[in-house]
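Only one structure is covered here, and it is reproduced in the block below.
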Amino acid sequence: MIRFDKQLPERLTWKQIRELYPDEWIVLVDTKWVNDTDFEFGTTIVLGHFKSRKEASPHIKVAFERYESVGSFWPGKIRGPIPRFIIP
């Protein structure tokens, strides 16, 4: 779901976002970054949240038409591939 309401929702911290959308891809706009070298930010606006990154992609493109700062992030636990072990 993506929103382009005239009145955007409240600004949230990363902790709040992780609590609200633990297993969804989120599209963030108007992020107030603390610095340019890492992921730390003060607050941001969640423009949309999606079950898959593929589902979020077209909405990210639309968001760039309206906002200068747009990003898509996964706030949940990172799940990587299962390591393979070779047994002689």
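Since every read-out is calculated from the coordinates, none of them should be taken as a lab result. All values derive from a computational prediction rather than experimental measurement. Positions of Cβ are backbone-derived with ideal geometry, glycine not excepted, and every protein chain shown enters the neighbour counts.
For region 14-73, a crude dipole built from +1 on the beta carbon of Lys and Arg and -1 on the beta carbon of Asp and Glu, taken about the Cα centre, is about 220 debye to the nearest 20. Using θ = phi - 60° in the Karplus curve 6.51 cos²θ - 1.76 cosθ + 1.60, the 3J(HN,Hα) couplings for region 73-79 round to 9, 10, x, x, 5, 7, 10 Hz; x is entered for Gly and Pro. Can you list the aspartates and glutamates whose alpha carbon sits under 17 Å from that of K54, skipping same-chain ones fewer than 8 residues off? Candidates past the 8-residue exclusion: D23, E24. Backbone geometry of region 29-46 corresponds, through the Karplus equation with coefficients 6.51, -1.76 and 1.60 at θ = phi - 60°, to 3J(HN,Hα) couplings of 9, 6, 6, 9, 6, 6, 8, 9, 10, 8, 7, 5, 9, x, 9, 7, 10, 7 Hz, x marking Gly and Pro. Panel order for L12, L28, by other beta carbons found within 10 Å of each beta carbon, from fewest to most: L12, L28.
Semi-axes of the equivalent ellipsoid for region 14-73, computed as √(5λ) from the eigenvalues of its C-alpha gyration tensor and ordered from largest down, come to 18, 15, 9 Å.
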